[in-house]
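The values are calculated or read from the model by the stated rules, or taken from the named source; none is laboratory data. Since we're looking at a predicted model, the values are computed, not measured. As a convention, Cβ positions derive from the backbone with ideal geometry for all residues, glycine included, and neighbour counts pool all protein chains shown. Keep in mind that these areas ignore ligands, DNA and RNA; they rest on the heavy atoms of the full protein, side chains included. Shrake-Rupley method; radii C 1.70, N 1.55, O 1.52, S 1.80 Å.
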Amino acid sequence: MQETTPIRIKTISELHALRGLPKPLHPLISVINLETIEKTEAQTQGTVVLDFYSISIKRGLNIKYKYGQQQYDFDEGVMFFTAPGQVIGMEVGDEPIKHTGWTLFIHPDFLWNTNLAKGIKKYEFFDYAVSEALFLSEREEQMVKLILQDMEREYDANIDRFSQNIIISQIELLLNYSERFYNRQFITRKKAHHQILDKLEQLLDEYFTDDSRIQTGLPTVQEVADALNLSPTYLGGLLKALTGLSTQQHIHEKLIEKAKEKLSTTRLSVSEIAYALGFEHPQSFSKLFKSKTNLSPLEFRENFN
């Protein structure tokens, strides 16, 4: 795909017009059955920045979706989420496009003055990379489709004072099911995800034994995620599901393990150990150590000896 400046799309009506779709039945929310839409290369090529949320289930043959600088094949049925401001795009191949699935677009204005306006930020999968999409079972996919169809029927009917609350409830139901499905994916893809745990353990081991690296300070969640080729939010969700600990907690656990080792096997002072582990201030190290062990570093050394 030739690099072009992304098109910014501010409204759902603009998106429908760009993709050659009928005018949306509701200006702030739209459910699209991709199977019913004829697609041409002009409608499909290119990158866009949407000023609204999108939730998609897609089965695409001969289409590659682009997120950032990477491309991903979605020949299998997957579900992924984008928040306002993310760059997305797609590229078609030489064969005719066969593309099925559903997409839900939600403008933030639709959520205004509802609990979901702020609550939607708790669903971390809107910050996952497209490569971290949700792979649905047939049963899960059918459940999602039924919710989307119910939502479409609701805004297709006569809009009344109950409509928004009903649709908001349906969106929340969809998001809650998606959160459950992601948690299931973290667990059922055990082999791949335990390999990530092994890589994390190795990464932190190397970090805390490499004097040249640790002198730059403690590793951040972003640095760890980048080294594992994952988004910080996806890594955090995966670790929470598998171990009950966040990425930051894993970093701290490894740090305390190394600190205990140095306190029990060397004559280094607490300050020297703190600096060796990447702390700029020994007091910060002592405070963290005590919060994790209920002992100060000196108390731990005395008890050990």
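Filtering the stretch 111-125 to residues that are within 16 Å of residue 179 (Cα to Cα) and either without any contact (Cβ under 8 Å) to a residue 60 or more places away in the chain or surrounded by fewer than 20 Cβ atoms within 10 Å (Cβ to Cβ) (or both) leaves 116, 119, 120, 121, 122, 123, 124. Residue 235 fails exactly one of the following numbered conditions: (1) open to solvent by 50 Å² or more (accessible area, probe 1.4 Å); (2) in a helix (DSSP H, G or I). What is the number of that condition? It fails just one condition, (1).
For the stretch 36-47, the criterion of being in contact with a helix residue (DSSP H, G or I) (Cβ under 9 Å, 6 or more places away or on another chain), at negative phi, at pLDDT below 80 and surrounded by fewer than 17 Cβ atoms within 10 Å (Cβ to Cβ) is met by at least one residue.
Residue under question is residue 198, and the condition is that it be among the charged types (D, E, K, R), surrounded by fewer than 12 Cβ atoms within 10 Å (Cβ to Cβ) and either modelled with pLDDT under 85 or touching a Gly at 6+ places or on another chain (Cβ under 6 Å) (or both); does it hold? Taking the combined requirement at face value, the residue does not satisfy it.
Candidates 274, 192: the one that is at pLDDT below 90, small (Gly, Ala, Ser) and under 24 Å from the mean Cα position of the chain (by Cα) is 192. For beta carbons closer than 8 Å, sequence separation of 6+ or different chains, a first residue in the stretch 147-164 that is open to solvent by less than 70 Å² (accessible area, probe 1.4 Å) and a second that is β-branched (Val, Ile, Thr) and in a helix (DSSP H, G or I), the qualifying pairs are 151/167; 151/171; 154/166; 154/167; 155/167.
Evaluation of residue 230 against the conditions (1) outside any helix (DSSP H, G or I); (2) surrounded by 15 or more Cβ atoms within 10 Å (Cβ to Cβ); (3) in contact with a Gly (Cβ under 9 Å, 6 or more places away or on another chain) shows that the sole unmet condition is (3). In the set (1) modelled with pLDDT of 90 or more; (2) assigned to a strand (DSSP E or B); (3) open to solvent by 20 Å² or more (accessible area, probe 1.4 Å), the condition left unmet by residue 81 is number (3).
Kindly establish whether residue 218 is modelled with pLDDT under 85, closer than 20 Å to residue 291 by Cα and either exposed (fewer than 14 other Cβ atoms within 10 Å of the Cβ) or not polar (S, T, N, Q) (or both). Yes; evaluated as a whole, the condition is true for this residue. If the condition is being under 29 Å from the mean Cα position of the chain (by Cα) and farther than 17 Å from residue 54 by Cβ, then the stretch 142-153 contributes 142, 143, 146, 149, 150.
The residues of the stretch 1-22 that are assigned to a loop (DSSP other than H, G, I, E, B), modelled with pLDDT under 90 and either polar (S, T, N, Q) or out of contact with any Asp or Glu (no Cβ under 6 Å at 6 or more places or on another chain) (or both), listed by number, are 2, 3, 4, 5, 6, 19, 20, 21, 22. Here is a check on your reading of the model: is residue 176 part of a helix (DSSP H, G or I), under 23 Å from residue 237 (Cβ atoms) and at pLDDT 90 or above? It is true that residue 176 is part of a helix (DSSP H, G or I), under 23 Å from residue 237 (Cβ atoms) and at pLDDT 90 or above. Each residue in the stretch 253-284 was checked for being over 21 Å from residue 203 (Cα atoms) and in a helix (DSSP H, G or I), and 9 pass.
With 290, 258 as the choices, which residue is open to solvent by less than 50 Å² (accessible area, probe 1.4 Å) and charged (D, E, K, R)? Every option except 258 fails the conditions. Restricting attention to the stretch 238-251, the residues that are buried (at least 17 other Cβ atoms within 10 Å of the Cβ) and within 29 Å of residue 282 (Cβ to Cβ) add up to 4.
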